[in-house]
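Notes follow the structure.
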Amino acid sequence: MAGETSQLSPIGVFDSGVGGLTVVAALRRRLPDEPILYLGDTARLPYGIKTAETVRRYTRRNVDFLVGRRVRAVVVACNTASAVALDGLDVGLPLWGVVEPGARRAADLSHGRVGIIGTASTILSDAYPRALRRLRPGLEIVSQACPLFVPLVEEGWHEDEITEAIARRYLEPLLERQIDTLVLGCTHYPLLKPLIQRLVGEEVRLVDSAESVAETVASALGGAAGRRGSTPPEHHFCVTDGPERFGALARRILGEAEVSLELVEMT
Ligand code: DGL
């Protein structure tokens with residue numbers, strides 16, 4: 001259950017690892033005065049190849065951790081966790097996942113044919129197609145799991161020729177079906193945006209689920225952003241393993257010289 005929180009309490013963001021920093025970056029652009037408490041479950045990454053039951057258990061634990069640290073709202077940045085673990089999850093605080101905002105944006109943008117890419121577990125869950133069909137029943141939807149993208153991004157190979165060849169293979173079936181909109185349904189994929197856009201062509205609209213959820217959170221909390229004169233907000237990052245590696249990636253993705261890091265244990 002939620003403890004006492006105020007408008008000065010941070011927004012909690014949870015991801016399986018470093019990829020949710022794309023959501024942090026998007027949130028900071030829209031809510032620059034809000035402090036963020038981030039939890040990256042790096043000890044148990046990757047979630048994208050695990051069963052729904054396991055991801056549900058981890059998610060529940062991670063969200064409880066953030067609630068215990070007195071956040072005032074929770075954003076589940078991880079697409080896999082959002083896809084399989086949020087139904088019926090009530091923590092007594094505002095809680096957002098990335099699937100609904102991403103699906104809504106795609107339903108608004110599309111002329112009728114939507115492609116979805118994500119981890120194996122996200123695609124298997126069918127969460128994006130279900131959300132899209134609820135929003136626009138007539139849409140044609142093609143899904144494709146892209147399990148190699150996460151390790152390629154973690155390796156920093158955003159523009160490598162190997163990544164391009166793999167992306168071509170993954171995207172081919174979607175292009176054959178002439179999609180007009182493509183949902184980047186994984187935390188890591190926004191970092192491949194330039195490469196993916198080049199391969200699918202300028203006329204295909206890319207939906208960045210990090211941007212979509214940040215927009216949703218900003219419009220829900222924006223009016224209540226009770227901050228805070230001239231002091232910049234303090235962000236804090238908790239990880240369950242490898243703070244040094246996380247810190248290096250976080251500094252690169254967020255463009256910061258220093259980040260406040262803490263190693264935490266999930267039992
Ligand atoms: N955060 C995961 C997602 O957005 C990708 C990394 C993982 O598999 O844990 O689905």
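Listed residues ARG57, ARG44, ARG130, ARG104; which is within 26 Å of LEU249 (Cα to Cα) and either open to solvent by 10 Å² or more (accessible area, probe 1.4 Å) or part of a helix (DSSP H, G or I) (or both)?
ARG44
Small (Gly, Ala, Ser) and either within 16 Å of the ligand (Cβ to nearest atom) or touching a Gly at 6+ places or on another chain (Cβ under 6 Å) (or both): is that true of ALA73 in this structure?
So ALA73 does not fit the description; no.
Say we look at the stretch 17-34 and pick out the residues that are in a loop (DSSP other than H, G, I, E, B) and open to solvent by less than 10 Å² (accessible area, probe 1.4 Å); which of these is farthest from the ligand (Cβ to nearest atom)?
Of everything passing the filter in the stretch 17-34, GLU34 is farthest from the ligand (Cβ to nearest atom).
Residues checked against (1) among the acidic types (Asp, Glu); (2) surrounded by fewer than 17 Cβ atoms within 10 Å (Cβ to Cβ); (3) out of contact with any strand residue (DSSP E or B) (no Cβ under 8 Å at 6 or more places or on another chain); (4) closer than 26 Å to ARG28 by Cβ:
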{"site": "GLN197", "(1), (2), (3), (4)": "no, yes, no, yes"}
{"site": "LEU206", "(1), (2), (3), (4)": "no, no, no, yes"}
{"site": "ARG252", "(1), (2), (3), (4)": "no, yes, yes, yes"}
{"site": "VAL259", "(1), (2), (3), (4)": "no, no, no, yes"}
{"site": "GLU262", "(1), (2), (3), (4)": "yes, yes, no, yes"}
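Check whether at least one residue in the stretch 83-90 is farther than 21 Å from LEU45 by Cβ and buried (at least 21 other Cβ atoms within 10 Å of the Cβ), and report yes or no.
no
Sort out which residues of the stretch 84-122 are without any contact (Cβ under 8 Å) to a residue 12 or more places away in the chain and small (Gly, Ala, Ser), and write them in order of number.
GLY88
Tell me, yes or no, whether the stretch 165-184 has at least one residue that is in contact with a helix residue (DSSP H, G or I) (Cβ under 6 Å, 6 or more places away or on another chain), open to solvent by less than 40 Å² (accessible area, probe 1.4 Å), within 15 Å of the ligand (Cβ to nearest atom) and more than 25 Å from ALA248 (Cα to Cα).
So far as the stretch 165-184 goes, yes, one or more of its residues are in contact with a helix residue (DSSP H, G or I) (Cβ under 6 Å, 6 or more places away or on another chain), open to solvent by less than 40 Å² (accessible area, probe 1.4 Å), within 15 Å of the ligand (Cβ to nearest atom) and more than 25 Å from ALA248 (Cα to Cα).
Being in a loop (DSSP other than H, G, I, E, B) and surrounded by fewer than 20 Cβ atoms within 10 Å (Cβ to Cβ) is the filter here, so list the residues in the stretch 60-80 that pass it.
ARG69, ARG70
With (1) open to solvent by 10 Å² or more (accessible area, probe 1.4 Å); (2) within 13 Å of the ligand (Cβ to nearest atom) as the list, and LEU95 as the residue in question, which single condition is left unmet?
For LEU95, the failing item is (2).
Of all residues in the stretch 146-164 being under 16 Å from the mean Cα position of the chain (by Cα) and among the aliphatic types (A, V, I, L, M), which is least open to solvent (accessible area, probe 1.4 Å)?
Filtering the stretch 146-164 for residues that are under 16 Å from the mean Cα position of the chain (by Cα) and among the aliphatic types (A, V, I, L, M), the one least open to solvent (accessible area, probe 1.4 Å) comes out as VAL153.
Can ILE123 be described as part of a helix (DSSP H, G or I) and either within 16 Å of the ligand (Cβ to nearest atom) or of a type outside the set (D, E, K, R) (or both)?
Yes; evaluated as a whole, the condition is true for this residue.
What helices (runs of 4 or more DSSP H) completely inside the stretch 188-267 contain at least 1 residues that are modelled with pLDDT under 95?
By residue number, 209-221, 243-254.
The values are calculated or read from the model by the stated rules, or taken from the named source; none is laboratory data. Source: prediction; values computed, not measured. Quick reminder, even Gly has a Cβ in these numbers, built from the backbone with ideal geometry, and neighbours come from all protein chains shown. Remember, those area values only see protein heavy atoms, side chains included, never the ligands or the DNA or RNA. Shrake-Rupley method; radii C 1.70, N 1.55, O 1.52, S 1.80 Å.
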